[in-house]
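Below you'll find the structure, written out as structure tokens, and then a few comments.
The values are calculated or read from the model by the stated rules, or taken from the named source; none is laboratory data. This one's a predicted model, so the numbers in the text were calculated from it and none came from an experiment. Cβ atoms come from the backbone with ideal geometry, glycine included; neighbour counts cover every protein chain shown. Note: areas computed on protein heavy atoms with side chains; ligands, DNA, RNA excluded. Shrake-Rupley method; radii C 1.70, N 1.55, O 1.52, S 1.80 Å.
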Amino acid sequence: MREYTKEEAQFLKNIGFRIQFFRKKMDLSQEQLAEKCNLSYSTISHLESTTACPVSLRALYQIAAALEIEPYQLLKFD
């Protein structure tokens with residue numbers, strides 16, 4: 001598989017930053033969020049890291065539901 005372009009990598013990092021923002025807003029740890037959305041702690045940790053980590057649409061949906069937000073809010077970068 002080819003490496004991410006600079007823009008692709010930044011897009012994936014921004015999703016991670018959004019997940020972290022909403023998680024902290026709900027005062028949840030990474031472990032608590034992982035449990036709430038039925039994903040592993042390592043998945044949440046990787047998504048929130050400073051490296052680009054791919055994420056499936058299903059996982060985004062699960063995370064958004066656990067954070068009580070609409071999925072598009074994880075993709076909206078103001």
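When you check ALA59 against the structure, is it in contact with a Ser or Thr (Cβ under 9 Å, 6 or more places away or on another chain) and open to solvent by less than 30 Å² (accessible area, probe 1.4 Å), yes or no?
The answer is yes for ALA59.
Contact list please: Cβ distance under 6 Å, first residue in segment 8-27 and assigned to a helix (DSSP H, G or I), second residue open to solvent by less than 60 Å² (accessible area, probe 1.4 Å) and of a type in the set (D, E, K, R), pairs at least six apart or on different chains.
Partner pairs satisfying both residue conditions: GLY16/GLU48; ILE19/GLU48; GLN20/GLU48.
With respect to ILE69, is the statement that it is assigned to a helix (DSSP H, G or I) and among the hydrophobic types (A, V, I, L, M, F, W, C) true?
Working: assigned to a helix (DSSP H, G or I): no; among the hydrophobic types (A, V, I, L, M, F, W, C): yes.
So ILE69 fails the test.
Go through (1) under 12 Å from the mean Cα position of the chain (by Cα); (2) assigned to a helix (DSSP H, G or I); (3) hydrophobic (A, V, I, L, M, F, W, C) and name the single condition ALA52 misses.
(2)
So which pairs qualify, if the first residue must be in segment 54-65 and without any contact (Cβ under 8 Å) to a residue 24 or more places away in the chain and hydroxyl-bearing (Ser, Thr, Tyr), the second must be open to solvent by less than 60 Å² (accessible area, probe 1.4 Å) and part of a helix (DSSP H, G or I), the Cβ gap must be under 7 Å, and the two must be at least 6 apart or on different chains?
Partner pairs satisfying both residue conditions: TYR61/PRO71.
Restricting to segment 42-52, what's the tally of residues that are buried (at least 17 other Cβ atoms within 10 Å of the Cβ) and in contact (Cβ under 8 Å) with a residue 24 or more places away in the chain?
Selection size over segment 42-52: 4.
Being assigned to a helix (DSSP H, G or I), within 14 Å of LEU74 (Cβ to Cβ), open to solvent by less than 60 Å² (accessible area, probe 1.4 Å) and without any contact (Cβ under 8 Å) to a residue 60 or more places away in the chain: is that true of LEU39 here?
no
Filter segment 1-29 down to residues that are in contact with a helix residue (DSSP H, G or I) (Cβ under 6 Å, 6 or more places away or on another chain) and open to solvent by 40 Å² or more (accessible area, probe 1.4 Å), then give me how many there are.
Total meeting the criteria: 2.
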